[in-house]
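Asks: Let me give you the structure first, and then I'll get to my questions.
The values are calculated or read from the model by the stated rules, or taken from the named source; none is laboratory data. All figures in this text were calculated on a predicted structure; none of them were measured in a lab. Because the Cβ atoms are built from the backbone with ideal geometry, glycine has one as well, and the counts that use them run over all protein chains shown.
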């Protein structure tokens, strides 16, 4: 193995770890964990909706067993469980129980600080040459690069120069390569040329990392070529099958779609006596499979490390949170080290290692830093809010941590207010539109798992840009954001995604990336969410539903919807918008800067459309015309 992955490509979304671990504890702790339990665990994940329902009729029993085992392998890897067939009965570790019962961020942080390769858990031939703390590598590079004036790490940089750093002592070499790479990329004009440069760099890296494997397959291709050249019936004979399978096999075997596609190309080129094309196809296969692995590992490494609370994703970069810089410096100065003999004991313990937040002097120092930041934000907002604190003489860490938490919450609210004021700026509107494009092109940093959260966050920003919101900005959303105001998770079920209150009307906004017939009812039906807000306010309430495309069943569900509210039947008005329409609305706002009164009249006109229509589909047809005319 020539790289590491601080995460797991089976459990790509670490937000699911706690729920999955809870199932393991509830149903399997104290039991053996063999193939039978692997299958049962997979089925429990489906039953509890931890993993999305799939067409399991196409999955073999063996595939389900493997998936269940790989899920639990993630918990074992991170020290949350001991659940191997060879290790006796399943046990949830002290660290695992802490994850189920306490603050996630601190638990993930402690586990990643201890995580080392190789270890008594992960060892063997594939770790020869390793001596690395992956989380230390990430913190060190981010902190040192920031001191050099370089912000964050891109996905390309992580895939090429971070997860391929196999020894802590090689960190400065990796840092130098990243600086050179960033400077060269910045000197290139045009995205196409930048992608070409990255492709060439990745090709060089793959040929370096997998030189022996690539050379072996080249030799096998030559053998196959010469055998066919000497005997045109060779492909019909048994020895050819084994040779072909060795050539086309990837990490997932010789029966994958890519392997079979490669086989067809190889055989055709050999029949045409074009061996050089075979070598080109081999390189193409390596770029597709090994290159995809590097990208996947970069994505999961990002998603998992963000769970520590020290990092955030900003645009196309993984960054250190500004409020955590002092904390990170202290961690790097005193990074914990454990002997091989003590590794397991410490890895499974929830209280190891000792953190700066356990130190009184550090807590006082950090409070001073946070207080200075709060004053800076207060001056920018021009508010008279009282942000003074007095912790003189206090030595109780619990009291100091509570003061710190309160100050951090105050800072976050002030930053969110500033964020709100900035969203109507032209550059922010362009940024909102670019995020919509990244979501739909599936090119978000961090991968697929972040799409729902970023779809909500981007739409939230769109409505923030159309100013004059009356309710507290933090109450406009039901999804969480971090200290850098980036989304952590999509909105919790049972509540609308967003609620925006204006002087004389309210907008309830629901978004989904689904385009199927049940898009209007993911956890709880959209009309129910809108009805709840109607009950709460005396103002006019408009429901807004946004999806990439609108399914006819959604149109039928929203058409002339009524609910029994406040002692009588009341119209529940929900306007479905496609993503393209809502983007056009934002572009119109940027161009015309219409007022919230104009915004309200627009929605009132849309509501009236259904009064003159005979059925739901007729309503949607006329509604689309009205929307398109207005946003054009």
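Asks: If residue 393 meets every condition in (1) on the phi < 0 side of the Ramachandran plot; (2) more than 31 Å from the chain's Cα centre (by Cα) apart from one, which number is that one?
Replies: Going through (1) on the phi < 0 side of the Ramachandran plot; (2) more than 31 Å from the chain's Cα centre (by Cα) one by one, residue 393 breaks only (1).
Residue by residue, here is whether (1) buried (at least 16 other Cβ atoms within 10 Å of the Cβ); (2) on the phi > 0 side of the Ramachandran plot holds:
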{"residue": "494", "(1), (2)": "no, yes"}
{"residue": "528", "(1), (2)": "no, no"}
{"residue": "541", "(1), (2)": "yes, no"}
{"residue": "560", "(1), (2)": "no, yes"}
{"residue": "565", "(1), (2)": "no, no"}
{"residue": "570", "(1), (2)": "yes, no"}
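Asks: Is it the case that residue 369 is more than 24 Å from residue 131 (Cα to Cα) and in contact with a helix residue (DSSP H, G or I) (Cβ under 6 Å, 6 or more places away or on another chain)?
Replies: yes
Asks: In addition: Just to be sure before I move on: is residue 600 within 16 Å of residue 509 (Cβ to Cβ), in contact (Cβ under 8 Å) with a residue 40 or more places away in the chain and either in a helix (DSSP H, G or I) or in contact with a helix residue (DSSP H, G or I) (Cβ under 8 Å, 6 or more places away or on another chain) (or both) in the structure I sent?
Replies: Yes.
Asks: Hey, another quick one. Give me the pairs: first residue in the stretch 42-53 and surrounded by 10 or more Cβ atoms within 10 Å (Cβ to Cβ), second residue not in a helix (DSSP H, G or I), beta-carbon distance under 7 Å, and six or more apart or on different chains, which are they?
Replies: These pairs meet every condition: 45/51; 46/53.
Asks: Could you tell me whether the stretch 45-54 includes any residue that is assigned to a helix (DSSP H, G or I), at pLDDT below 85 and under 20 Å from residue 11 (Cβ atoms)?
Replies: no
Asks: Select from the stretch 226-238 the residues that are surrounded by 11 or more Cβ atoms within 10 Å (Cβ to Cβ) and not in a loop (DSSP other than H, G, I, E, B) and write down the one among them that is modelled with the highest pLDDT.
Replies: My answer is 226.
Asks: Sort out which residues of the stretch 358-389 are without any contact (Cβ under 8 Å) to a residue 24 or more places away in the chain and either part of a helix (DSSP H, G or I) or loosely packed, with under 12 Cβ neighbours inside 10 Å (or both), and write them in order of number.
Replies: Once the filter is applied, which keeps residues that are without any contact (Cβ under 8 Å) to a residue 24 or more places away in the chain and either part of a helix (DSSP H, G or I) or loosely packed, with under 12 Cβ neighbours inside 10 Å (or both), the stretch 358-389 yields 361, 368, 372, 375, 376, 379, 382, 384, 386, 388.
Asks: Could you tell me how many of the residues in the stretch 425-472 are under 30 Å from residue 537 (Cβ atoms), part of a helix (DSSP H, G or I) and free of Cβ contacts under 8 Å to residues at least 60 places away in the same chain?
Replies: Selection size over the stretch 425-472: 12.
Asks: While we're on this one: For residues that are assigned to a helix (DSSP H, G or I), surrounded by fewer than 16 Cβ atoms within 10 Å (Cβ to Cβ) and under 30 Å from the mean Cα position of the chain (by Cα), tally how many sit in the stretch 328-357.
Replies: Matching residues across the stretch 328-357 total 3.
Asks: Can you pull out every residue in the stretch 577-596 that is touching a strand residue (DSSP E or B) at 6+ places or on another chain (Cβ under 7 Å) and in a helix (DSSP H, G or I)?
Replies: Correct list: 579, 582.
Asks: Another question about this same structure. If you take the residues in the stretch 122-135 that are touching a helix residue (DSSP H, G or I) at 6+ places or on another chain (Cβ under 9 Å), touching a residue at least 60 places away in the same chain (Cβ under 8 Å) and not in a loop (DSSP other than H, G, I, E, B), which one is surrounded by the fewest Cβ atoms within 10 Å (Cβ to Cβ)? Even if it seems obvious, please write down each step before you answer.
Replies: In the first step, residues of the stretch 122-135 are kept if they are touching a helix residue (DSSP H, G or I) at 6+ places or on another chain (Cβ under 9 Å); the result is 122, 131-135.
If we keep only those that are touching a residue at least 60 places away in the same chain (Cβ under 8 Å) too, we end up with 132-135.
Narrowing further to those that are not in a loop (DSSP other than H, G, I, E, B): 132, 134-135.
Working: 132: 22, 134: 24, 135: 25.
Top of the filtered list is 132.
Asks: For the stretch 283-306, which residues satisfy the criterion of being surrounded by fewer than 21 Cβ atoms within 10 Å (Cβ to Cβ) and within 30 Å of residue 103 (Cα to Cα)?
Replies: 295, 296
Asks: Right, something else. Only residues that are assigned to a helix (DSSP H, G or I) and surrounded by fewer than 19 Cβ atoms within 10 Å (Cβ to Cβ): list them for the stretch 1-22, please.
Replies: 15, 16, 18, 19, 22
Asks: Would you pick out the residues in the stretch 582-592 that are more than 15 Å from residue 627 (Cα to Cα) and touching a residue at least 12 places away in the same chain (Cβ under 8 Å)?
Replies: Residue satisfying the conditions is 590 alone.
Asks: Out of curiosity, is residue 483 in contact with a strand residue (DSSP E or B) (Cβ under 8 Å, 6 or more places away or on another chain) and at pLDDT below 90?
Replies: The answer is yes for residue 483.
Asks: Still on this model: Anything in the stretch 101-121 that is in contact with a helix residue (DSSP H, G or I) (Cβ under 7 Å, 6 or more places away or on another chain) and surrounded by fewer than 16 Cβ atoms within 10 Å (Cβ to Cβ)? List them, or say none.
Replies: Hit for the stretch 101-121 is 120, nothing else.
Asks: Does residue 269 count as in the same structural domain as residue 316 (by TED's automatic domain parsing), crowded, with 17+ Cβ neighbours inside 10 Å and either touching a strand residue (DSSP E or B) at 6+ places or on another chain (Cβ under 6 Å) or more than 29 Å from residue 3 (Cα to Cα) (or both)?
Replies: When the stated conditions are applied, residue 269 passes them.
Asks: Could you say which residue among 262, 279 is surrounded by 15 or more Cβ atoms within 10 Å (Cβ to Cβ), modelled with pLDDT of 85 or more and touching a strand residue (DSSP E or B) at 6+ places or on another chain (Cβ under 9 Å)? Please lay out each step first, then the result.
Replies: Working: 279 fails: touching a strand residue (DSSP E or B) at 6+ places or on another chain (Cβ under 9 Å).
Of the residues listed, the single one that is surrounded by 15 or more Cβ atoms within 10 Å (Cβ to Cβ), modelled with pLDDT of 85 or more and touching a strand residue (DSSP E or B) at 6+ places or on another chain (Cβ under 9 Å) is 262.
Each row is one residue, and each column tells you yes or no for (1) within 26 Å of residue 328 (Cα to Cα); (2) within 15 Å of the chain's Cα centre (by Cα); (3) assigned by TED's automatic domain parsing to the domain that holds residue 247; (4) in a helix (DSSP H, G or I).
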{"position": "284", "(1), (2), (3), (4)": "no, no, yes, yes"}
{"position": "299", "(1), (2), (3), (4)": "yes, yes, yes, yes"}
{"position": "303", "(1), (2), (3), (4)": "yes, yes, yes, yes"}
{"position": "309", "(1), (2), (3), (4)": "yes, yes, yes, no"}
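Asks: Just give me the residues in the stretch 137-158 being outside any helix (DSSP H, G or I) and either surrounded by fewer than 23 Cβ atoms within 10 Å (Cβ to Cβ) or modelled with pLDDT under 95 (or both), in sequence order.
Replies: 148, 149, 150, 151, 152, 154
Asks: More than 30 Å from residue 239 (Cα to Cα), surrounded by fewer than 18 Cβ atoms within 10 Å (Cβ to Cβ), in contact (Cβ under 8 Å) with a residue 12 or more places away in the chain and out of contact with any strand residue (DSSP E or B) (no Cβ under 6 Å at 6 or more places or on another chain), is that true of residue 184?
Replies: Yes: the conditions hold for residue 184.
Asks: Picking from 208, 219, 223, 277, which residue would you name as being closer than 30 Å to residue 9 by Cα and assigned to a helix (DSSP H, G or I)? Give the steps one after another, and end with the answer.
Replies: Numbers: 219 fails: closer than 30 Å to residue 9 by Cα; 223 fails: closer than 30 Å to residue 9 by Cα; 277 fails: closer than 30 Å to residue 9 by Cα.
After ruling out the rest, the residue left standing is 208.
One line per residue, one yes/no per condition, for (1) in a strand (DSSP E or B); (2) assigned by TED's automatic domain parsing to the domain that holds residue 608; (3) closer than 16 Å to residue 497 by Cα; (4) without any contact (Cβ under 8 Å) to a residue 60 or more places away in the chain:
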{"residue": "538", "(1), (2), (3), (4)": "no, yes, no, yes"}
{"residue": "542", "(1), (2), (3), (4)": "yes, yes, yes, no"}
{"residue": "545", "(1), (2), (3), (4)": "yes, yes, yes, yes"}
{"residue": "554", "(1), (2), (3), (4)": "no, yes, no, yes"}
{"residue": "569", "(1), (2), (3), (4)": "yes, yes, no, yes"}
{"residue": "575", "(1), (2), (3), (4)": "yes, yes, yes, yes"}
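Asks: Would you call residue 587 surrounded by fewer than 17 Cβ atoms within 10 Å (Cβ to Cβ) and within 34 Å of the chain's Cα centre (by Cα)?
Replies: yes
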